[in-house]
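Chemist: Attaching a single structure in structure tokens format; questions to follow.
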Amino acid sequence: MRKFIFNIFAIAFICILLLSGCVQPSQGSPELHVYIAFGQSNMQGPGTIRTQDKENISDRYQVMNVVSGTYAGVSQTKGQWYKAVPPLIIPDNSLNHWTNSFTIGLSPVDYFGRTLVNKTPNNITIGVIAVANGDMALASFHKTKAAEYFAAGSGGEGRESGRPSSTERSGWTRYTGAGYTNLYHAIKDNAKKAQEEGGIIKGIIFHQGESGRGLTYTTWHEMLKEIYNDMLSDLGLAPNSIPILLGQTFNSGTGPGGYLNTNNNLIKAVIPNAWVISSSGLTQGRVGQGQPDGIHFGSADLEEFGKRYGDKMYELVY
């Protein structure tokens, strides 16, 4: 009788712990869900990294380092997974804004992954592979056209005025200097490595548009379609099988990628599984957290933008 009563109390105690969140129930075998992030400066990390941005980050949120260096004080080797403590893309020695008036490094990727971690079962680890650099035209990320784009001087035949810029060439050198053929291969090579380790590619997030397409003989959305299709093909994924989320430019502007802000059907016509993430209501942030240039988001709004990406991806994938 005593043993029976003890068992009843033990079961009740465990149930209370489960309900209170002190003990997490088993929710299946471990899974690594991988997301690709790419784009230009608003994806790379234009926001100041605040104290709260480095706190309470789950071990279930991981980033695969793409270019070896020191990030958040930790020496990281390319092709290895690390806890996703910002900065995820900009190394520690490059965190000063070009005006030297504040530091940068916070990206929408940070709160995209945290949002998914908070929403998904605890057997799922969220992993991101992020390749981004300021000022990159869309051609910079193309599998075959990137070499053509960077082959000649700025403003050469078939290129938009002033393209490629010195900032673009610096970004190109950063990734090719790390052993990649181009930025596309930096994405593909690391994504394939993640797959070989058991990771499942679940989706793509993207922010680009301020610098346009770079090459004049094609359209922005047709070039993006080629990049998306090549990625899925090279990763052994069925056409249109994973979502790609496209963030609007600052203040829903009408720059090179501005049609995302006015007519989403244009991108849907070429990529049915593309979804536009609104930048409505987002600003340049507080003093020292954004750039007064009408292009870049501030820290608080990069956090909100990341959550918007995460909420939509969760809706589509889970």
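The values are calculated or read from the model by the stated rules, or taken from the named source; none is laboratory data. All values derive from a computational prediction rather than experimental measurement. We place every Cβ from the backbone using ideal geometry, glycine too, and count neighbours over all the protein chains shown.
Chemist: All but one of (1) without any contact (Cβ under 8 Å) to a residue 60 or more places away in the chain; (2) more than 23 Å from residue 221 (Cβ to Cβ); (3) hydroxyl-bearing (Ser, Thr, Tyr) hold for residue 161, so report the exception by its number.
Modeler: Of (1) without any contact (Cβ under 8 Å) to a residue 60 or more places away in the chain; (2) more than 23 Å from residue 221 (Cβ to Cβ); (3) hydroxyl-bearing (Ser, Thr, Tyr), only one is false for residue 161: (2).
Chemist: Taking residue 169 as the residue in question, decide whether it is out of contact with any Lys or Arg (no Cβ under 9 Å at 6 or more places or on another chain) and farther than 15 Å from residue 133 by Cα.
Modeler: Answer is no for this residue.
Chemist: So, in region 148-161, how many residues would count as being surrounded by fewer than 18 Cβ atoms within 10 Å (Cβ to Cβ), in a helix (DSSP H, G or I) and hydrophobic (A, V, I, L, M, F, W, C)?
Modeler: Matching residues across region 148-161 total 1.
Chemist: Here are some residues: 120, 167, 144, 103. Which one is under 30 Å from residue 318 (Cβ atoms) and of a type in the set (S, T, N, Q)?
Modeler: Being under 30 Å from residue 318 (Cβ atoms) and of a type in the set (S, T, N, Q) holds for just one of 120, 167, 144, 103, which is 120.
Chemist: Name the pairs whose Cβ atoms lie under 7 Å apart, with the first residue in region 53-68 and within 28 Å of residue 179 (Cα to Cα), the second of a type in the set (S, T, N, Q) and outside any loop (DSSP other than H, G, I, E, B), and 6 or more positions between them or separate chains?
Modeler: 62/125; 64/190; 65/76; 66/190; 68/76
Chemist: From 107, 94, grab the single residue that is closer than 28 Å to residue 211 by Cα, crowded, with 23+ Cβ neighbours inside 10 Å and of a type in the set (S, T, N, Q).
Modeler: The match here is 107.
Chemist: Looking only at region 282-310, count every residue that is modelled with pLDDT of 90 or more and among the polar types (S, T, N, Q) and tell me the total.
Modeler: 1
Chemist: For region 68-88, how many residues meet the condition of being of a type outside the set (Val, Ile, Thr) and closer than 21 Å to residue 112 by Cβ?
Modeler: Qualifying residue count, region 68-88: 11.
Chemist: Another question, then. Restricting to region 179-195, give me the number of residues that are under 15 Å from residue 38 (Cα atoms) and of a type in the set (Val, Ile, Thr).
Modeler: 1
Chemist: I've got another one for you. Exactly one of (1) free of Cβ contacts under 8 Å to residues at least 40 places away in the same chain; (2) under 21 Å from the mean Cα position of the chain (by Cα) is unmet by residue 194. Its number?
Modeler: Against the list (1) free of Cβ contacts under 8 Å to residues at least 40 places away in the same chain; (2) under 21 Å from the mean Cα position of the chain (by Cα), residue 194 comes up short only on (1).
Chemist: Within the bounds of region 29-48, is there any residue that is in a strand (DSSP E or B), crowded, with 18+ Cβ neighbours inside 10 Å and modelled with pLDDT under 95?
Modeler: Yes, the conditions are met somewhere in region 29-48.
Chemist: Now for a separate question. In this structure, is residue 57 surrounded by fewer than 19 Cβ atoms within 10 Å (Cβ to Cβ), touching a helix residue (DSSP H, G or I) at 6+ places or on another chain (Cβ under 9 Å) and aliphatic (A, V, I, L, M)?
Modeler: So residue 57 fits the description; yes.
Chemist: Can you find, within region 162-202, the residue that is farthest from residue 237 (Cα to Cα) among those that are among the β-branched types (Val, Ile, Thr) and surrounded by fewer than 21 Cβ atoms within 10 Å (Cβ to Cβ)?
Modeler: The qualifying residue farthest from residue 237 (Cα to Cα) is 167.
This table checks each residue for (1) assigned to a loop (DSSP other than H, G, I, E, B); (2) touching a Leu at 6+ places or on another chain (Cβ under 7 Å); (3) touching a residue at least 60 places away in the same chain (Cβ under 8 Å); (4) at positive phi.
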residue: 82; (1), (2), (3), (4): no, no, no, no
residue: 86; (1), (2), (3), (4): yes, yes, no, no
residue: 109; (1), (2), (3), (4): no, yes, yes, no
residue: 122; (1), (2), (3), (4): yes, no, yes, no
residue: 131; (1), (2), (3), (4): no, yes, yes, no
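Chemist: Answer yes if at least one residue in region 70-80 is farther than 22 Å from residue 306 by Cα, crowded, with 18+ Cβ neighbours inside 10 Å, touching a residue at least 12 places away in the same chain (Cβ under 8 Å) and touching a helix residue (DSSP H, G or I) at 6+ places or on another chain (Cβ under 8 Å), and no otherwise.
Modeler: No, the conditions are met nowhere in region 70-80.
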